[in-house]
Amino acid sequence: NVDAKSDSVLEPLVEIASAHSGRVLVSSFSDRRLAVARALAPLVATSLGRGEVTRLVALSRLPHAAALRLARRVPAFRKAVAVQVPPHHRGIRVVTPRFVRLSHALGLAVHVWAADDAPTWAAVLAAGADGIITDHPRRARDWLAARGPWH
């Protein structure tokens, strides 16, 4: 997972990501930057940007069939392979079973960042998240190992 934090890194980043297909995920908070990366290298794996995530969160509040019908019209949702989100943002729970279900129906893996403690790990994994991004990998590994076999 490589976060494109500036426009100047896009060309070299997608070149490297193209050479390592399947091993590099290009991410960014910037929808525009991700659109440029997708245009430069359509086969490079990308996540969703901030505005795209906001749209997906809003859609997940609708009944599933309606949300899926509307979400399938969003080009970025068809081009990305993952969505990387915090568990909650400004008092709004982001990672819910409905959000994960919609993401998965669109073919998006759900990676949760700022997941730094056992209650958060338990909540996001119970909601169906595919991965956690943490500042405490050893603690997360030990917590996961204590729960049983890795999946």
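Details
- Every condition in (1) of a type outside the set (A, V, I, L, M); (2) assigned to a strand (DSSP E or B); (3) out of contact with any strand residue (DSSP E or B) (no Cβ under 8 Å at 6 or more places or on another chain) holds for Arg55 except the one numbered (2).
- Any pair with Cβ under 6 angstrom, 6 or more apart, that starts in segment 59-85 at a residue that is farther than 10 Å from Ser103 by Cβ and ends at one that is among the acidic types (Asp, Glu) and surrounded by 13 or more Cβ atoms within 10 Å (Cβ to Cβ): Ala76/Glu52
- Asp3 touching a strand residue (DSSP E or B) at 6+ places or on another chain (Cβ under 6 Å) and either crowded, with 19+ Cβ neighbours inside 10 Å or free of Cβ contacts under 8 Å to residues at least 60 places away in the same chain (or both): yes
- Only one of Gly107, Gly49 that is open to solvent by less than 70 Å² (accessible area, probe 1.4 Å) and at positive phi: Gly107
- Test: residue in segment 88-96 that is more than 15 Å from Asn1 (Cα to Cα) and under 11 Å from the mean Cα position of the chain (by Cα): yes
The values are calculated or read from the model by the stated rules, or taken from the named source; none is laboratory data. A quick note: this is a predicted structure, and the numbers were derived from the prediction, not measured. All Cβ positions, glycine included, derive from the backbone under ideal geometry; neighbour counts span all protein chains shown. Remember, those area values only see protein heavy atoms, side chains included, never the ligands or the DNA or RNA. Shrake-Rupley method; radii C 1.70, N 1.55, O 1.52, S 1.80 Å.
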